[in-house]
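Accompanying notes for the structure given below.
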Amino acid sequence: MILIARAIGDDVIIRQNTTFGIARKEDLYEWPVIGDDVDIGAGAVILGDVKIGRGARIGANAVVVKDIPSGAIAVGVPARILERD
C-alpha cells in the first residue's frame, strides 16, 4: 500500500492493496483528500488532487481520478458514479 494523502478522515475503511498518491510526477503535491466514513475496496487506486466525500463507497480495483461526492458509490476503471434509482 502506498499512502500519500493530504488528509484521511475519521472511521475510514481502507482494504488491502489500496494506493493513494500523485497522478503524475509533475504534480508532486496534488494528493487526495478522503472524507469521514469512506469505505475503500481492495485494490482501489486514488490518484491526484481528488476529494472523496463523506460516506462515499469506492469499489474494489476502482481507479479514482475525479472527485467523488458524499454518499456516492464509485466503481470501474476509471471510476464512475453508479446511478441510483
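The values are calculated or read from the model by the stated rules, or taken from the named source; none is laboratory data. Predicted model, so just to flag it, every value in this text is computed and none were measured. Please note: Cβ atoms are built from the backbone with ideal geometry, for glycine as well, and neighbour counts cover all protein chains shown. Heads up: the accessible areas ignore ligands, DNA and RNA and are worked out on the full protein's heavy atoms, side chains in. Shrake-Rupley method; radii C 1.70, N 1.55, O 1.52, S 1.80 Å.
Mind checking which pairs have a first residue in region 43-56 that is on the phi > 0 side of the Ramachandran plot and open to solvent by 10 Å² or more (accessible area, probe 1.4 Å) and a second that is in a loop (DSSP other than H, G, I, E, B) and of a type in the set (Ser, Thr, Tyr), Cβ under 9 Å, 6 or more apart or different chains?
Here the result reads Gly43/Thr18; Gly55/Ser70, each pair linking region 43-56 to a residue that is in a loop (DSSP other than H, G, I, E, B) and of a type in the set (Ser, Thr, Tyr).
So which residues in region 1-18 are part of a strand (DSSP E or B) and surrounded by 15 or more Cβ atoms within 10 Å (Cβ to Cβ)?
Once the filter is applied, which keeps residues that are part of a strand (DSSP E or B) and surrounded by 15 or more Cβ atoms within 10 Å (Cβ to Cβ), region 1-18 yields Ile8, Ile14.
If only one of Ile73, Ile81 is farther than 19 Å from Ala7 by Cβ and surrounded by fewer than 16 Cβ atoms within 10 Å (Cβ to Cβ), which one is it?
Details: Ile73 fails: surrounded by fewer than 16 Cβ atoms within 10 Å (Cβ to Cβ).
None of the other options fit; the residue is Ile81.
Which residue is nearest to Ile22 (Cα to Cα), if the candidates are limited to region 32-52 and must be of a type outside the set (A, V, I, L, M) and assigned to a loop (DSSP other than H, G, I, E, B)?
As a first pass, look at region 32-52 and keep what is of a type outside the set (A, V, I, L, M): 32, 35-37, 39, 41, 43, 48-49, 51.
Now restrict to residues that are assigned to a loop (DSSP other than H, G, I, E, B): 32, 35-37, 41, 43, 48-49.
Values: Pro32: 8, Gly35: 18, Asp36: 21, Asp37: 22, Gly41: 19, Gly43: 16, Gly48: 5, Asp49: 8 Å.
The residue in question is Gly48.
How about region 57-66: which of its residues are outside any strand (DSSP E or B) and buried (at least 17 other Cβ atoms within 10 Å of the Cβ)? Before the answer, list the steps.
First, the residues of region 57-66 that are outside any strand (DSSP E or B): 59-62, 65-66.
Selection gives Gly59, Ala62.
When both residues are 6+ apart or on different chains and their Cβ atoms are under 7 Å apart, which pairs have a first residue that lies in region 64-85 and is touching a residue at least 12 places away in the same chain (Cβ under 8 Å) and more than 19 Å from Thr19 (Cα to Cα), and a second that is in a loop (DSSP other than H, G, I, E, B) and open to solvent by 90 Å² or more (accessible area, probe 1.4 Å)?
Ser70/Arg54
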